Amino acid sequence: MARRKKLSEGKKEIISYLINEYEIESAKDIHDAIKDLLGDTIESMLEAEMEHHLGYETNQRSDNENSRNGYKTKRIRSSMGESEISVPQDRDSSFEPQIVKKRQKDISEIENKVIGMYARGLSTRQISEQIYDIYGFEVSDGLVSDITDKILPEIEDWQKRPLSETYPVVFIDAIHFSVKEEGLISKKAAYIILGINEDGLKEVLGIYVGQNESSKYWLGVLNSLKNRGVKDIYIICSDGLIGIEESISAAYPKAEWQTCIVHMVRNTLKYVSYKDRKQFANDLKTIYHAPDEEVANKNRLKVAEAWDKKYPGSMDRWEREWNSITPIFKYSKEVRKIIYTTNAIESLNSSYRRLNRNRSVFPSATSLMKALYLATNIIAKKWNIPLRSWGSIVGELRIMHDLEN
């Protein structure tokens, strides 16, 4: 059984004073008493700061040309709610209070709390409701936006931060959100660049919102990685993004482009009837599970022959994009598990969706970027363990990369 904490004589006197002075009979009375004392305590500290600033107490005479100049009322927010305090003024306005600084109205670290809630997917309306429930005052949508706008320079620095010289594997994928612009709601793509560094740790290299895919666009993105210090990428994995192959050849000519096999399978089975889907999927496995490219190509032709009559053109993409499918066949099963699918980045995208499921529509592309950046900070905290068997995987990738180049 826990022992009751022993109170000092000083604390006993304070409690006795509170009970008598404020006629405390409930927990709410305690809250109100402390809230009232908070304002008085701050005012007393401000008075002490002013005395120190001027060099004399309130009723003393002084040769100091500067002097007191009355008070200015100010409403402050705290964890106890809102309070009104009187802030002492001086004639030459040189007084810089420290306990509550000039223009500071919030002493409850509410900004950090707002940003934390924003990062976890709460909408501005939900944040306002939460703050009111906890602290007893309202936070407007505009204030939430102003608070979160303070991280925009931080986002800009993050997007321009130096990167490692080598990333053995880089994944590129897009995730779509509804964004309101000029009164209209449209879908915006957020392109996520996820790298696996030489230590086997995942790292979001960049997030790009709302651009149209093209060779020029992707070349700009890849060149930005080069400008931030990335000299070498072994393998770039993505779905069939428009213009990506040409851009990789221009920016990183030594890198291999690996099409996501999972996306290939999904696109192939998209219009296949449910009763045929399982068998068709099993047949496709004979292609990407083949021991080498020669066997894989033979199996591809067999699958096309078996299904093209019933589903004409279903295997055309496999023929058309065969060169971007084949890189996996030179690698071991351990490496294949990493590069034949964009699961690593799809898992990241799933986390983004989960963190932002409360926002059906973002009020702007900037708002979306803020949410994704803050969500990335939360997700990345878990990335402190290398991928399984990374030592042997990166060794194999280095050898193959050197042989190819």
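How far apart, in nm, are two points set 7 Å out from the Cα along the Cα-to-Cβ line at Lys285 and at Asp141?
5.0
Sequence-distant or interchain residues sharing an amide H contact under 5 Å with Leu241, placed H: which?
For Leu241, no residues qualify.
How long is the chain along each principal axis, judged by its Cα atoms, biggest number first, in Å?
For the chain, the Cα spread along each principal axis is 100, 53, 50 Å.
What share of the DSSP beta bridges in the chain is antiparallel, in percent to the nearest 5?
70
What order do you get for Leu368, Leu219 when you list them from fewest to most C-beta neighbours inside 10 Å?
Result, fewest neighbours first: Leu219, Leu368.
Cα extents of segment 246-312 along the three principal axes, largest first, in whole Å?
44, 25, 18
Mind checking which of Pro363, Val295, Tyr56 is farthest towards the positive end of the chain's charge dipole, using Cβ charges of +1 (Lys, Arg) and -1 (Asp, Glu) about the Cα centre?
With unit charges placed on the Cβ atoms, the residue in question is Val295.
By counting other Cβ atoms within 10 Å of each Cβ, how are Cys260, Cys237 ranked from fewest to most?
The order, fewest Cβ neighbours first, is Cys260, Cys237.
Percent antiparallel among DSSP beta bridges with both residues in segment 163-404, to the nearest 5?
In segment 163-404, approximately 65 percent of DSSP beta bridges are antiparallel ones.
Please state, as a whole number in µm²/s, the translational diffusion coefficient that the Stokes-Einstein equation yields for segment 163-404 at 37 °C and 0.692 mPa s, with Rh defined as the Kirkwood radius across alpha carbon pairs.
170
Would you mind estimating how fast segment 262-383 diffuses translationally, via Stokes-Einstein at 37 °C and 0.692 mPa s with the Kirkwood radius over Cα pairs, in µm²/s?
Roughly 192 µm²/s, to the nearest whole number.
Sequence gap at least 6, Cα distance under 8 Å: using those rules, report the relative contact order of the chain to the nearest whole percent.
Result for the chain is 15 percent.
For the chain, take the longest principal axis of its alpha carbons; what is the angle in degrees between that and the long axis of helix 343-355, to the nearest 10 within 0 to 90?
30
What 222 nm value per residue comes from the helices of the chain, counting each DSSP H run with n ≥ 4 as -39,500 (n - 2.57) and dividing by all residues, nearest 500 deg cm²/dmol?
After summing the helix terms and dividing by the residues of the chain, the value is -15500 deg cm²/dmol.
Determine, for Asp402, Asp29, Asp239, the number of other Cβ atoms within 10 Å of each Cβ, and report the residues in order from fewest to most.
Going from sparsest to densest Cβ surroundings: Asp402, Asp29, Asp239.
All of the numbers you see were taken from the coordinates with simple rules; none came from a lab. This structure is a prediction, so every number in the text was calculated from the model and none was measured. Glycine gets a Cβ as well: all are built from the backbone with ideal geometry, and neighbour counts include every protein chain shown.
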